[in-house]
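Shown next, in structure tokens, is the structure this report addresses.
The values are calculated or read from the model by the stated rules, or taken from the named source; none is laboratory data. Bear in mind the structure is a predicted one, so any value in this text is a computation, not a measurement. Positions of Cβ are generated from backbone atoms using ideal geometry, with glycine treated the same way; all protein chains shown enter the neighbour counts.
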Amino acid sequence: MRYLLDTDIIIYWMKGNRSISNKIVSEGFSNIASADISKAELYYGAYKSQRTEANLAAIKNLSERINFVPFNEPAQSVFGMLKADLEKKGTRLDDVNLMIASTAIAFNLVLITNNTGHMQRIPGIQIENWA
């Protein structure tokens, strides 16, 4: 794996964004992953949507195509360190985004996100925007 897709990028991809789809295909599915936290966000979105069954099926299909990286050691340690550091600087980030970013850092993956404004505040993160 080389890339970790943020939840927003997955949603754009699932909605048919050709740019993201083409980039994923060119990089190869074996180089693409997402965080378990993103999968939880996708389930939340599916259950609150008007198209629950279709969205649940899309998550199942996605799970068969890419790997999901667990939020465990060392991501938890990176999360704790980053959260404390950002709070000291007065530049807090919500926990979900910070957990996804921590997963990318801990596993040395490039985070693919459209949320570059917030993510750029995180020291040591590598980000790209494919949207």
Checklist entry - From the residues in the range 69-110 that are among the small types (Gly, Ala, Ser) and either touching a residue at least 12 places away in the same chain (Cβ under 8 Å) or surrounded by 14 or more Cβ atoms within 10 Å (Cβ to Cβ) (or both), which one is farthest from Ile127 (Cα to Cα)? => result Ser77
Checklist outcome for this item: Within the range 1-23, residues free of Cβ contacts under 8 Å to residues at least 12 places away in the same chain and in a helix (DSSP H, G or I) come out as Trp13, Arg18, Ser21, Asn22
Checklist entry - Looking at Lys88, Lys83, which one is over 13 Å from the mean Cα position of the chain (by Cα), closer than 30 Å to Tyr47 by Cβ and either part of a helix (DSSP H, G or I) or at pLDDT 95 or above (or both)? => result Lys83
Checklist entry - Would you say Ile125 is touching a residue at least 12 places away in the same chain (Cβ under 8 Å), in contact with a helix residue (DSSP H, G or I) (Cβ under 8 Å, 6 or more places away or on another chain), part of a helix (DSSP H, G or I) and at negative phi? => result no
Next on the checklist: Residues to consider are Ser49, Ser30; find the one that is surrounded by fewer than 12 Cβ atoms within 10 Å (Cβ to Cβ) and polar (S, T, N, Q).
Outcome noted: Ser30
Item to check | Per-region count, the range 31-60, residues within 16 Å of the chain's Cα centre (by Cα) and assigned to a helix (DSSP H, G or I) | outcome: 12
Checklist entry - On the given criteria, is Ile59 under 21 Å from Ile127 (Cβ atoms) and either free of Cβ contacts under 8 Å to residues at least 12 places away in the same chain or of a type outside the set (D, E, K, R) (or both)? => result no
Item to check | Condition check for Glu64: in contact with a helix residue (DSSP H, G or I) (Cβ under 6 Å, 6 or more places away or on another chain) and among the acidic types (Asp, Glu) | outcome: no
